[in-house]
Amino acid sequence: MTDEAGADAKLVKMIVFAVGEQEYCIPILSVREIRGFEKTTALPFAPHYVCGAINLRGIILTVIDLAVYLNVQPQADNPRRVVIIVESRNGTVCGLLVDRVIDMADVNLSEIQAVAEEDSSLSGLVMIADRMIGVLRLEVVVGQLVGGMIS
Amino acid sequence: MSGDMDDILLVFFQECEEQLQELERGLSALSDGESGKETINAVFRAVHSVKGGAASFGLENLVRFAHVFESSLDGLRSGRVAPTPEIVKTFLKAMDVLSDLVAEAQGGATVDTGRIEESRAELQAIIGEGSGGAQPQQDDTVPADFTPVPVDFEPVMADFDFGDFGFDEEEAPAAASLVVTFSPHTAMYDRGDDARNLLIGLADVAVAHGGTSTVTCETAALPALAAMETEKSYLSWRVVLPAAVPEESVHAVFDWVSDVCDVTITRDGGSGPSGGESAPEAAAAPATPEPPVPEPSAPVAAPLEATPVAASPEPQKPAAPPSIADKIMAELPPAPTPAATAPIAAGNTTARRPVEQATIRVDLHRVDDLMDLVGELVIAQAALESIGQREDGGQQEMIKRIASMKTLTRDIQDAVMAVRAQPVRSVFQRMQRVVREACSMTSKDVVLTLEGEDTEVDRTLVEKLSDPLTHMLRNAVDHGIESAEARIAAGKSPTGQILLSAGHRSGRILITIKDDGGGINRERVLATAIKRGIIAPDAVLTDDEINNLIFAPGFSTAATVSDLSGRGVGMDVVKQAILGLGGRVTISSVEGQGTTFCLSLPLTLAVLDGMLIVAAGSTMVVPVSSVVETMMVNHKDIYMLPDGANVVSIRGACMPLIPLASELGLGGYGSGGLSEEDVILVVENESGARAALIVEDIRDQAQVVIKSIEKNYRQMSGVSAATILGDGSVSLILDVPALVANALGRIDTRPSDVRTGLAA
């Protein structure tokens, strides 16, 4: 109605996935691929939400268990668990372990309602087809993995 | 054109790099007293090539300096000057300036003109007596109109090699009076110079002074075609320049060739109007390449305007003399224009360009070896295929083939490594300069001796070694070597000695930097460390620990901050850089006798011989090179210390016992809980400190490919990298020295505590 072009410009394709009972989404352009969950190698001194490392065609990357990270109850005994391989803006690649991928959706950025402070991992909530979906701030999630030495 | 030019320029800079290395090598040989003809020639050639190349690209500064350098070296070559240590030192200094100028041309920092002038003056002083008094000024006054010459004419030189005689230059009559006659020796052409350039240079000089030049070619000495030796110089030229032209400018034109060319310059004051005699001959135009076989009787001629165009290889057609005489006059002034634009273009291309050397030179036989191996691999693969197609399955055969393929893979790996390997010479030789500069800044006299420059390492490593070594050598000169007075007082020679050596030791490269200076003053180091809050005042440290304090961030005992060192960042940075390469630094120091730094680095950053072990249920890799022995553990040999840690006594030697799983925070172990099946690995770090790792099992020994884990994850203490095993799973490579250091409670870990303490 009013300025459709402007509204279009703010539309971002998001991939929607479920972690436990909750649904979340991230921009689809940051997704590299989706693959089945396989055994990971435990990493010493890792934060509790890091499952471990996997080998993605020669690149070693860490997998984050989003259920642990977001502190939600994962679906029990779920064979459909998948790892979404994402690449953050600064080039860090990591995997997000989720319970299932649901679909894609166009999200109008102006419709995102902020729920938490700036540096939180959740940038806001958005309504898609009457479902409340959390929009993850990828940089925050991934950014915690790199930098700093743990001993 | 810019794309092509860029490529050529890149090649030029690569060549410069090589020539400079050659130069360094030659000069080092000279300073070692080896003044053979071949050495001197090599040095001369190196500078000459740089000069020649630079001239083609209009890199004025570089050309001018290289030229002076070359002239002085020529003095050496002709035996006029003896390579005394002072003179070699001057040459070394000049070489530093030269390499800086090359860097400048590559878009690096501008070189301080004072330095250039100083070095130039020194160079000229060397041959000062031999050459004319006017020489020193020439370079400064003339080049403005002189240097562009080689730029636009260079392309011609290529097709001019064979036709360096037989052209005939003629110009409309000049008003009067500076007559230059010159006859090049054959040696001049041998050297790659060309009479043509001289003529063009003279023409430019004439134009610059508002006139034109008249050139006559003296062909009297030219024998019959049959008798002509193709490589001999027969021709001489007579050039009449306008009166306004100062003699110095002419000298400058011949500056490069004065030793291989007879030149006479006379003021043709009152010998009548020169126009009169030369007008009839005003036939041919200057400077055009001639066909390979010249006809002495009928010199080929073409207008000068052809020269800028002369990039095209075809010689211009002979033209009728009188008709073009005027035309030449008209055409002459514009001639320099392309010359003027060329340097600008060249300047643009050189302007901003990352100086990343992305190519390597490889011995052909190494590539051939690799090729052979790849051929073998293809055959092996075909063999496997044929076995797969056999009816009976061929199990036995298959296993045999796979085993041979395994050796093949390993050979290929070695071959590829060999291709990437480079001698450390390039870095080591750069260090000579570092030491020289450090010496002149601290006014100490230090000789750097290099050993094992031929040791080969992966090229990425070679590049990354440069900075740490620079730091360490500067430190060695600044802090290690005492002042000459102190050295004499201590009964040493006033000249300090630093030895930089490289060698292989059990799959690693060992670089030692050894000075014969005062050694580390441990009391002072300790006092400073306490003062700066790096360690607690009541700490009791071993000598070794005190030595290692100099690697602590913020540590510096230097009373004043000098240009060289004393800011307390150097050694910390060195250590970080070496650790980053997977290496270690150890120090040993004897007070009054000197300090030795040992850098131990992995040979390659890509592959590692590893022992696959199991800890906390997951497979990990321990570098085989750090494993001393493996054994079953005997409970009787384990003692518990008051603080809860365990030590184990192995044949009388006590060492800390590290339960690997709990050390890595992977759980699964209670303190000291040791099951019967557990195995211990005795591991050792570079300085020989040992510890015993408790692991659950030893699986295998294999070559593993090192994969960085830090790109997508943070650094982990005790883990240096990761690898991918045959089944595709990720396995961690343990950082044994870090584990040992942690277990020993060494001070290496303390700096990081301090850092976090300060940050908080």
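The values are calculated or read from the model by the stated rules, or taken from the named source; none is laboratory data. Predicted model, so just to flag it, every value in this text is computed and none were measured. Note: ideal-geometry Cβ built from the backbone for every residue, glycine included; neighbour counts use all protein chains shown. Accessible surface areas use protein heavy atoms only, side chains included; no ligands, DNA or RNA. Shrake-Rupley method; radii C 1.70, N 1.55, O 1.52, S 1.80 Å.
Here are the numbers for this structure:
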item	result
Residue among A:Cys51, A:Asn78, A:Ile34 farthest towards the positive dipole end of the range A:34-102, charges placed on Cβ	A:Ile34
Rounded to the nearest 10 Å², the accessible area of A:Tyr24 at probe 1.4 Å	20
Listed residues B:Gly480, B:Thr542, B:Met571: farthest to the positive end of the dipole of the range B:424-602 (Cβ charges)	B:Met571
The range B:483-556 - Debye-derived log10 I(q)/I(0), Cα point model, q = 0.21, 0.24 Å⁻¹	-0.96, -1.00
Accessible-area ranking of A:Glu111, B:Glu397, B:Glu70, largest first, probe 1.4 Å	A:Glu111, B:Glu397, B:Glu70
Heavy-atom SASA rank of B:His67, B:His48, B:His251 (probe 1.4 Å, accessible area, largest first)	B:His251, B:His48, B:His67
Cβ-defined net charge surrounding B:Glu118, 11 Å radius [Lys, Arg +1; Asp, Glu -1]	0
Pair-distance profile P(r), taking every C-alpha pair of the range A:34-102, with 10 angstrom steps and integer %	20, 55, 23, 1
Separation between Cα centres of the range B:65-113 and the range B:676-726, rounded to whole Å	51
Probe 1.4 Å - accessible area at B:Cys217, Å² to nearest ten	20
Computed magnitude of the charge dipole of the range B:43-107 (debye, nearest 20; Cβ of K, R +1, Cβ of D, E -1)	240
Within the range B:372-419, trypsin sites (Lys or Arg not before Pro) in DSSP loop having at most 13 other beta-carbon neighbours inside 10 Å	B:Arg390
Separation of the A:Phe45 and B:Ala220 label points, Cα + 7 Å toward Cβ, nm	9.0
Whole-number accessible area per residue in Å² for the range A:36-151, which is evaluated in the context of all protein chains at 1.4 Å	49
Inter-label distance, nm, simple model (7 Å from Cα along the C-beta direction), B:Arg410/A:Arg57	3.1
Accessible area (Å², per residue) of the range B:2-131, counting only protein heavy atoms and a probe of 1.4 Å	41
Unit charges on C-beta of K, R, D, E only; dipole of the range B:2-131, Debye	500
Descending semi-axes in whole angstrom, ellipsoid equivalent of the range B:424-602, from the Cα gyration tensor	25, 21, 15
Sequence-separation-based contact order of the range B:407-473, relative, with Cα cut under 8 Å and 6+ spacing, percent	47
B:Asp368, B:Asp255, A:Asp130, ranked by accessible area, largest first (probe 1.4 Å)	A:Asp130, B:Asp368, B:Asp255
Using a Förster distance of 41 Å, the FRET efficiency for B:Asp727-B:Asp6 (Cβ separation, nearest 0.05)	0.30
Cα lying deepest toward the dipole's positive end in the range B:424-602, options B:Val462, B:Ala529, B:Thr586, charges on Cβ	B:Val462
Share of alpha-carbon pairs per 5 Å distance bin for the range B:364-422, given as whole %	4, 19, 24, 18, 13, 10, 6, 4, 1, 0
Summed residue charge, Cβ within 12 Å of B:Phe428's Cβ, Lys/Arg positive, Asp/Glu negative	0
Burial of 50 Å² or greater, the range A:38-63 residues [accessible area, probe 1.4 Å, versus chain by itself]	A:Thr41, A:Leu43, A:Pro44, A:Phe45, A:Asn55, A:Ile60
Test item: Cα-centred dipole of the range B:413-549, Lys/Arg +1 and Asp/Glu -1 on Cβ, debye	260
B/A buried area, accessible surface, summed, 1.4 Å probe, Å²	2100
Share of carbon and sulfur in the accessible heavy-atom surface of the range B:424-602 [1.4 Å probe, %]	51
Prolate/oblate/rounded call for chain A, Cα gyration tensor, a/c under 1.5 rounded	prolate
Per-residue SASA entry for B:Thr181, accessible area with 1.4 Å probe, Å² rounded to 10	50
